[in-house]
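Engineer: Pasting a structure here, questions to come.
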Amino acid sequence: MADPAIAAPPKKKVPLTTFHNHTGQYLDLGRRTPVTITKHGRPDITLAEASYFERLERIAAGQILSVLDLVAVDAADMTSEHAALFEAARPTREEIASDRWNDDPAS
């Protein structure tokens, strides 16, 4: 399941002329969801809320753990409770052989 902190919100596309004629409306929309301004039908510029863009920059810089507010822990430093949870989430030989993990939705 994708983390909502980094999941891409749906994008709205708008031609440059429409953006120009309704700038305020699309700037407001850009605070809620990325808005891609198109030129001759091709994506040109995307407006996005600053914090969303900053998260993307940190992810691109390899700082995904801080974006997700996670801390990496060596296996040797795990509590026994966390080690048990980690082991319980490991796929079984059958799941690996069938290429289906236990968290795959039933099809």
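The values are calculated or read from the model by the stated rules, or taken from the named source; none is laboratory data. Everything numeric here is computed off the predicted structure, so don't read it as measured data. Here the Cβ positions follow ideal geometry from the backbone for every residue, glycine too, while neighbour counts run over all protein chains shown. The protein model used for the area step is the full one, side chains on, heavy atoms only, and it has no ligands, DNA or RNA in it. Shrake-Rupley method; radii C 1.70, N 1.55, O 1.52, S 1.80 Å.
Engineer: Given the alpha-carbon gyration tensor of region 12-91, what are the semi-axes of its equivalent ellipsoid in whole angstrom, ordered largest first, with each equal to the square root of 5 times an eigenvalue?
Structural biologist: 43, 12, 11
Engineer: Still on this structure, please answer the following. In whole percent, how big is the carbon plus sulfur part of the accessible area of region 12-91, probe 1.4 Å, protein atoms only? Intermediate values should be presented prior to the final figure.
Structural biologist: On the way: 3420 of 6080 Å².
Here carbon and sulfur together make up 56 percent of the probe-accessible area.
Engineer: Something else: Once the other residues with Cβ under 11 Å from the Cβ of Thr36 are scored (Lys, Arg +1; Asp, Glu -1), what is the net sum? Could you put the intermediate results ahead of the total?
Structural biologist: Numbers: positive: Lys11, Lys12, Lys13, Lys39, Arg42; negative: Asp44.
Neighbour charge sum, excluding Thr36 itself: +4.
Engineer: Here's a follow-up. May I ask for the net charge around Leu47, where only other residues with Cβ less than 12 Å from the Cβ of Leu47 are counted and Lys, Arg are +1 while Asp, Glu are -1? All intermediate terms of the calculation are to be shown ahead of the outcome.
Structural biologist: Numbers: positive: Lys11, Lys12, Lys13, Arg31, Arg32; negative: Asp28, Asp44, Glu49.
Neighbour charge sum, excluding Leu47 itself: +2.
Engineer: Among Ala88, Val71, Thr36, whose Cα projects farthest towards the positive end of the dipole of region 12-91, with charges put on the beta-carbon of Lys, Arg (+1) and Asp, Glu (-1)?
Structural biologist: Of the candidates, Thr36 comes out farthest on the positive side.
Engineer: Less than 15 Å Cβ to Cβ from Arg93, Lys/Arg counted +1 and Asp/Glu -1: what total charge do the surrounding residues give?
Structural biologist: Residues close to Arg93 contribute a combined charge of -2.
Engineer: Let me ask something else. Rolling a 1.4 Å sphere over the protein heavy atoms, what is the accessible area per residue of region 12-91, to the nearest Å²?
Structural biologist: Result: 76 Å² per residue.
Engineer: Just how large is the dipole of region 12-91 about the Cα centre, in debye to the nearest 20, putting +1 at every Lys and Arg Cβ and -1 at every Asp and Glu Cβ?
Structural biologist: Values: 9 positive and 10 negative charges, 152 e Å.
For region 12-91, the charge dipole is close to 720 debye.
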